[in-house]
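Engineer: Dropping the structure in here first, questions after.
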Amino acid sequence: ARSMACESITLLRNDDSILPLCASKLHRIVIAGSMSAVPPTGGGGSSFIHPRRPAASLQQELESRIPGLEVETKLDRDADVTIIETGFSRLLETEAYERPYSLPAKDIKLIRKASGFRKKVIVIVHSGGDYETSSWSFDVPAIINAYYLGETSSQALCDVLLGDACPSGKLPFSMA
């Protein structure tokens, strides 16, 4: 599952080659956004799964791999990198109705604020389809499309962020 999750992740932007992150240079990072506390293992409808074991958050996974790493849950100008994990919850991403095209407004506001005072901003989007990017993407140097990766979501994302896996997945849909 972890190998397939790694192969699915799609790198949409990597300006200034901020990815992969160098673990030895990371001391303090910020992880924020509506999907940062509880990793989405699947969307709604037929893609929803019940994990066999509780899925670790990206914060937990990074802290387990990088000894001494400090992770903030609010924006910090002095952080080495800011990661915004956003997307659509299983209540929004379902088969019963059309979901919104824009990411959650509070996450777009967070992305804009982070990119306003921090150059190293990585946005991770969990989505089963396309979404609006023109209101926030031009100021963000790195964007990862993470889909819904199942119970090993955070492990696979950590593999990609730290360069242990190549984010070479392909978009199965067109995006503006």
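Engineer: Sort the following peptides by mean Cβ neighbour count (other Cβ atoms within 10 Å, averaged over residues), highest first: 18-25, 161-168.
Structural biologist: 161-168, 18-25
Engineer: Next question, about the same structure. Give me the percent of Cα-Cα pairs in the stretch 80-124 that sit more than 17 Å apart, rounded to a whole number.
Structural biologist: Numbers: 391 of 990 pairs.
When all Cα pairs of the stretch 80-124 are counted, 39 percent exceed 17 Å.
Engineer: If you take the square roots of the eigenvalues of the alpha-carbon gyration tensor of the stretch 123-166 and sort them as a ≥ b ≥ c, do you get rounded (a/c under 1.5), prolate (a/b over b/c) or oblate?
Structural biologist: oblate
Engineer: Could you sort 57-66, 31-40 so that the peptide with the highest average Cβ count within 10 Å comes first and the rest follow in order? If you can, show how the numbers build up before the last one.
Structural biologist: Values: 57-66: 19.1, 31-40: 20.9.
Going by the mean number of other Cβ atoms within 10 Å, highest first, we get 31-40, 57-66.
Engineer: Using a/c under 1.5 as the rounded threshold, could you call the stretch 97-161 rounded, prolate or oblate? The axes a ≥ b ≥ c are square roots of the C-alpha gyration tensor eigenvalues, and prolate needs a/b larger than b/c, oblate otherwise.
Structural biologist: Oblate shape, in that a/c is at least 1.5 and b/c is the bigger or equal ratio.
Engineer: Counting only residues 5 or more places away or on other chains, whose amide H sits under 5 Å from the amide H of LEU12 once H atoms are built in the peptide plane?
Structural biologist: Here ILE143, ILE144, ASN145 satisfy the definition.
Engineer: For LYS109 and THR73, calculate 0.36 nm times their separation in residues minus their Cα-Cα distance, and state this gained length in nm to one decimal.
Structural biologist: 11.4 nm
Engineer: With θ set to phi - 60° and the Karplus curve 6.51 cos²θ - 1.76 cosθ + 1.60, what are the ³J(HN,Hα) couplings of the stretch 144-151 in order, to the nearest whole Hz, using x for Gly and Pro?
Structural biologist: Each residue's phi maps through the Karplus curve to give 10, 8, 9, 6, 10, 9, x, 5 Hz.
Engineer: Output the antiparallel fraction of DSSP beta bridges having both residues in the chain, as a percent to the nearest 5.
Structural biologist: Of the beta bridges lying entirely in the chain, close to 25 percent run antiparallel.
Engineer: Given LYS25/LYS106; LYS119/LYS170; LYS74/LYS170; LYS25/LYS120; LYS25/LYS109, which pairs have Cα atoms separated by over 24 Å?
Structural biologist: Over 24 Å Cα-Cα: LYS25/LYS106; LYS119/LYS170; LYS74/LYS170; LYS25/LYS109.
Engineer: How big, on average over all directions, is the shadow cast by the Cα convex hull of the chain, in nm²? Please list the in-between numbers first.
Structural biologist: Working: hull surface 37.8 nm².
The directionally averaged projection comes out at 9.4 nm².
Engineer: May I ask you to derive the relative contact order of the stretch 115-176, considering only C-alpha pairs under 8 Å and at least 6 residues apart, and to give it as an integer percent?
Structural biologist: Values: 52 pairs, mean separation 21.8, N = 62.
That works out to 35 percent.
Engineer: Between the stretch 65-82 and the stretch 135-166, how many Å separate their Cα centres?
Structural biologist: Going from one Cα centre to the other spans 17 Å.
Engineer: At 7 Å along Cα-to-Cβ for each site, give me the label-to-label distance between SER174 and SER102 in nm.
Structural biologist: 2.4
Engineer: Amide H to amide H, which residues 5 or more places from ARG28 or on other chains are under 5 Å from it, using H placed in the peptide plane?
Structural biologist: Amide H neighbours of ARG28: GLU70, ASP80.
Engineer: For the stretch 1-142, what's the relative contact order in percent, using C-alpha pairs closer than 8 Å and at least 6 residues apart?
Structural biologist: Once normalised by length, the contact order is 30 percent.
Engineer: Moving to a separate point now. Under the Karplus relation 6.51 cos²θ - 1.76 cosθ + 1.60, θ = phi - 60°, what is the ordered set of whole-Hz ³J(HN,Hα) values for the stretch 112-127, x standing for Gly and Pro?
Structural biologist: So the Karplus estimates, Gly and Pro as x, are 4, 5, 4, 6, x, 10, 9, 7, 8, 10, 10, 10, 10, 10, 9, 7 Hz.
Engineer: Return the calculated 222 nm mean residue ellipticity for the chain, to the nearest 500 deg cm²/dmol, obtained by summing -39500 (n - 2.57) across DSSP H runs with n ≥ 4 and dividing by the residue count. The partial results should precede the final answer.
Structural biologist: Working: 4 runs with 37 residues, N = 176.
After summing the helix terms and dividing by the residues of the chain, the value is -6000 deg cm²/dmol.
Engineer: Per-residue HN-Hα couplings for the stretch 21-28, Karplus 6.51 cos²θ - 1.76 cosθ + 1.60 at θ = phi - 60°, whole Hz, x for Gly and Pro?
Structural biologist: Each residue of the stretch 21-28 in turn: 6, 8, 4, 5, 9, 9, 10, 9 Hz.
Read-outs throughout are calculated quantities, based only on the coordinates presented, and are distinct from any laboratory measurement. Treat the numbers as computed from the prediction; the structure is a model and nothing was measured. With ideal geometry, Cβ positions are generated from the backbone for all residues, glycine too; neighbour counts draw on all protein chains shown.
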